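I have placed the structure first, in the form of structure tokens, so that the comments after it can refer back to it.
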Amino acid sequence: MKQCTHAAALPHPEPEPLDETCPECLRDGTNPVQLRLCLTCGHIGCCDSSPGRHATEHHAQSGHPVMRTFEPGEDWRWCFVDHVLV
């Protein structure tokens, strides 16, 4: 079974969110779907169901490997590099 090789290197405590919503969606005038928090820097991005796919774009530009859901009542993490739930 594949495991995330990046979780152990994440900062503790996790970074504070830099925004309350996806700033790229605000800039573009689109509505974010399902927000994600970068666990390296605190960037908030929208999921791949949003037009901009800004969480994935943030990973592609920054190389930051793991995000977690930023949705109330949800508690899961995803490693973009290893393609697994953390």
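Can you compute the modelled spin-label distance between H12 and V84, with each label point 7 Å from Cα toward Cβ, in nm?
Here the modelled spin labels are 1.9 nm apart.
Which residue, P15, P23, P72, tops the fluctuation ranking in a GNM of the chain built on C-alpha contacts under 10 Å?
Evaluated over the chain, the most mobile residue of the options is P72.
Using DSSP to call loops (not H, G, I, E or B), can you name the GluC sites (Glu not before Pro) in the chain whose Cβ has at most 14 other Cβ atoms within 10 angstrom?
Numbers: sites: E20, E24, E57, E74; in loops: E20, E74.
Sites meeting the loop and neighbour criteria: E20, E74.
Whenever you get a sec, compute what percent of the accessible area on the chain sits on carbon and sulfur atoms (1.4 Å probe).
Carbon with sulfur: 53 percent of the solvent-accessible area.
Just to check, using Stokes-Einstein with a Kirkwood Rh over alpha carbon pairs, what's the diffusion coefficient of the range 13-83 at 20 °C and 1.002 mPa s in µm²/s? Can you show the working numbers first?
On the way: Rh = 11.8 Å.
D = 181 µm²/s.
For the chain, what is the accessible area per residue in Å², given a 1.4 Å probe and the full set of protein chains?
Dividing the accessible area of the chain by its residue count gives 61 Å².
Can you compute the FRET efficiency between Q61 and Q3 using 1/(1 + (r/R0)^6), with r the Cβ-Cβ distance and R0 = 35 Å? Round to the nearest 0.05.
E between Q61 and Q3, to the nearest 0.05, is 0.90.
Taking the Cβ-Cβ separation of W76 and E20 as r and a Förster radius of 25 Å, what is the calculated FRET efficiency to the nearest 0.05?
That gives a FRET efficiency of 0.80.
The values are calculated or read from the model by the stated rules, or taken from the named source; none is laboratory data. Since the model is a prediction, treat every value here as computed from it, not as a measurement. Cβ coordinates were reconstructed from backbone atoms using ideal geometry, including for glycine residues, and neighbour counts include every protein chain displayed. Side chains included, ligands, DNA and RNA excluded: accessible areas come from the protein's heavy atoms. Shrake-Rupley method; radii C 1.70, N 1.55, O 1.52, S 1.80 Å.
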